[in-house]
Amino acid sequence: MPGEKILLAGGGTSKSWKLLLALRILAFIATLAAAIVMGLNKETKTLVVATIGTIPIKATLTAKFQDTPAFVFFVIANAMVSFHNLLMIALQIFSRKLEHKGFRLLSVAILDMLNSTLVAAAANAAVFIAELGKNGNKHAKWNKVCDRFTTYCDHGRGALIAAFAGVILMLLVSSVSISRLSINSKKSSTAAAVASP
Amino acid sequence: MVNLTKRIGALVLRLAAFGAALAALIVMVTSHERASFFAVSLEAKYTDMAAFKYFVIANAVVSVYSFLVLFLPKESLLWKFVVVLDLVMTMLLTSSLSAALAVAQVGKKGNANAGWLPICGQVPKFCDQVTGALIAGFVALVLYVLLLLYSLHSVVDPFLLQKS
C-alpha cells in the first residue's frame, strides 16, 4: 500500500469532464461504426465450382459475417460497448451535479475498465480470423477467402480499423475515469481532503 | 493487522496470476504433435497459427510484468502507475485468449462456409494441450481482473475507509 491515501470527494475538474465527454463521444462513434459495418457485411457471388467436360458448374456462394463465431462476437461486443458509452454520455450530461453521490464514480470507472477489456478481446479475435481468411494457413490446409470475396474483406477491414480505434479510445476513457476518482488539491473543484496515515 | 493480511492476499493473488500465465505459456510452447498416415506426415506446432504465437508472447509479457511487480516495495510511488499497467495487461490477456480461442474453435469445428476442415481429428494430443493452455490463460485472466480491482482499491480509497 502506498504511504498516502487520497479520499474520494467530488469528481474531477471541468477540464477532465470535457475531455472525458469528448473521448466518450469518439469511442461511441468508433464502436458503433465497427458494429454496423460488420453487421451489414455480406457478399453474394456466383463462382465456378467445377467443370464437367466443357460445362462449368456455377454455384452461388454467400459470405456473411454470421458464418464465423468470432465476427458474431465482434458485432455483439461492439454494440454493447457503444451502448455503454451512450449511457455514460447521457449520465454525464444530465446529472453532472450528482457525481459525488455514493458509488457513482467508482461504478463508472469499473464499468469502463470491463468494457475496454471486452472491446479489446472482440477486436483481436476478429483480426486474427480475418488474417486467416486473407492469408490462409498452409499447415492446416485452409485456403484463402479474400481473393474471391474482395468486397467482404474490404468492409471487414474497415470495421476492424474502427474497432481498434475504439479500443485505444476506450483505454483512454478508462484512464481518465480512474484519474477522476482521486482528487489533487491543486485542481479540485469541490472540497477534498488528503489523508496521510 | 488488516493491512498486513490485505497485502499478503494481494501478493498471493499476484503470485498465482504469475504462475497461471507462466503455465499457459509453457503448455502452449511444448505442444507439438506429428501425425502420419499414408506416408504423408503432418506436424502441428504452436507456430503454425499466428494467434497462438500472439498468445505465447502476451502471456510472456504478463508473466514478466507480474514477476517484477511482486518485488515492488510498499511505499513506492509507482503503485499509481500499476493501476493503469494492470488494466493494459488485462486487455492484453483477454485479447490473446480471445484470439487463440477463436482460432482453436475453427480448428476443432471447422468452417463449412469457407471450406475449412477441422484438424483436431488428426492431431488430438495437440488439440488437448492447446485446450489446457487456454484454460490456464483463462485462470490468469480472472486473477488479473481481481488484481485490477484490488490495485484500484489500494491506490484510491473510494469507500472512504480512511477517516481524515
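The values are calculated or read from the model by the stated rules, or taken from the named source; none is laboratory data. Bear in mind the structure is a predicted one, so any value in this text is a computation, not a measurement. Positions of Cβ are backbone-derived with ideal geometry, glycine not excepted, and every protein chain shown enters the neighbour counts. To get the accessible areas, we keep the full protein, side chains included, count just its heavy atoms, and leave off ligands, DNA and RNA. Shrake-Rupley method; radii C 1.70, N 1.55, O 1.52, S 1.80 Å.
Of the candidates A:I110, A:I129, A:I178, A:I183, the single residue that is modelled with pLDDT under 95, surrounded by 18 or more Cβ atoms within 10 Å (Cβ to Cβ), more than 26 Å from B:L147 (Cα to Cα) and of a type in the set (V, I, T) is A:I129.
Name the residue that is most open to solvent (accessible area, probe 1.4 Å), counting only residues in segment A:35-83 that are part of a strand (DSSP E or B) and more than 14 Å from chain B (Cβ to nearest Cβ). Among them, the one singled out is A:K58.
Here's the yes/no breakdown for (1) open to solvent by less than 70 Å² (accessible area, probe 1.4 Å); (2) facing chain A (nearest Cβ under 9 Å); (3) touching a helix residue (DSSP H, G or I) at 6+ places or on another chain (Cβ under 9 Å):
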| site | (1), (2), (3) |
| --- | --- |
| B:Y54 | yes, yes, yes |
| B:N59 | yes, no, yes |
| B:F71 | no, no, no |
| B:A104 | yes, no, yes |
| B:N111 | yes, yes, yes |
| B:L117 | no, yes, no |
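With the condition kept exactly as written, say whether any residue in segment B:128-146 is of a type in the set (A, V, I, L, M, F, W, C) and in contact with an Asp or Glu (Cβ under 9 Å, 6 or more places away or on another chain). Within segment B:128-146, not a single residue is of a type in the set (A, V, I, L, M, F, W, C) and in contact with an Asp or Glu (Cβ under 9 Å, 6 or more places away or on another chain). Whether a residue is within 9 Å of another protein chain (Cβ to nearest Cβ), under 25 Å from A:V72 (Cα atoms) and open to solvent by less than 50 Å² (accessible area, probe 1.4 Å) was assessed, and B:A44 does not pass this test. Could you check segment B:1-118 for helices (runs of 4 or more DSSP H) lying wholly inside it with 2 or more residues that are among the hydroxyl-bearing types (S, T, Y) and within 12 Å of the chain's Cα centre (by Cα)? Filter on segment B:1-118 gives B:50-70, B:79-109. In a residue-by-residue description of segment A:59-80, the property of being farther than 23 Å from A:A159 by Cα and out of contact with any Asp or Glu (no Cβ under 9 Å at 6 or more places or on another chain) applies to at least one position.
If you scan segment A:89-99, which residues turn out to be open to solvent by less than 80 Å² (accessible area, probe 1.4 Å) and in contact (Cβ under 8 Å) with a residue 12 or more places away in the chain?
Taking segment A:89-99 as the starting set, the residues that turn out to be open to solvent by less than 80 Å² (accessible area, probe 1.4 Å) are A:89-92, A:95, A:99.
Within segment A:89-99, A:I89, A:L91, A:Q92, A:E99 meet the criteria.
Please go through segment A:126-153 and give me each residue that is touching a helix residue (DSSP H, G or I) at 6+ places or on another chain (Cβ under 8 Å) and of a type in the set (D, E, K, R), ordered by number. A:E131, A:K134, A:K144, listed by residue number.
Taking segment B:7-22 as the range and being more than 13 Å from B:V61 (Cα to Cα) and open to solvent by 40 Å² or more (accessible area, probe 1.4 Å) as the test, the residues that pass are B:R7, B:I8, B:L11, B:V12, B:L13, B:L15, B:A16.
A quick yes/no check of all residues on (1) touching a strand residue (DSSP E or B) at 6+ places or on another chain (Cβ under 6 Å); (2) open to solvent by 10 Å² or more (accessible area, probe 1.4 Å); (3) not β-branched (V, I, T):
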position: B:K108; (1), (2), (3): no, yes, yes
position: B:G121; (1), (2), (3): no, yes, yes
position: B:K125; (1), (2), (3): yes, yes, yes
position: B:A133; (1), (2), (3): no, no, yes
position: B:F138; (1), (2), (3): no, yes, yes
position: B:L149; (1), (2), (3): no, yes, yes
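Looking at A:C153, A:C146, which one is free of Cβ contacts under 8 Å to residues at least 24 places away in the same chain, in a loop (DSSP other than H, G, I, E, B) and under 25 Å from A:T46 (Cβ atoms)?
Values: A:C153 fails: in a loop (DSSP other than H, G, I, E, B).
Answer to the check: A:C146.
Of these, A:L86, A:L23, which one is within 29 Å of the chain's Cα centre (by Cα), open to solvent by 50 Å² or more (accessible area, probe 1.4 Å), modelled with pLDDT of 90 or more and not β-branched (V, I, T)?
On the way: A:L23 fails: open to solvent by 50 Å² or more (accessible area, probe 1.4 Å).
Of A:L86, A:L23, the one residue that is within 29 Å of the chain's Cα centre (by Cα), open to solvent by 50 Å² or more (accessible area, probe 1.4 Å), modelled with pLDDT of 90 or more and not β-branched (V, I, T) is A:L86.
If you filter segment B:151-164 down to residues that are open to solvent by 20 Å² or more (accessible area, probe 1.4 Å) and more than 7 Å from chain A (Cβ to nearest Cβ), you find that the one that is modelled with the lowest pLDDT is B:K163. Do we find a residue being crowded, with 16+ Cβ neighbours inside 10 Å and of a type in the set (F, W, Y) anywhere in segment B:29-38? No, the conditions are met nowhere in segment B:29-38. Can you confirm whether segment B:139-149 contains a residue that is free of Cβ contacts under 8 Å to residues at least 40 places away in the same chain and either more than 10 Å from chain A (Cβ to nearest Cβ) or in a helix (DSSP H, G or I) (or both)? Checked segment B:139-149: at least one residue is free of Cβ contacts under 8 Å to residues at least 40 places away in the same chain and either more than 10 Å from chain A (Cβ to nearest Cβ) or in a helix (DSSP H, G or I) (or both).
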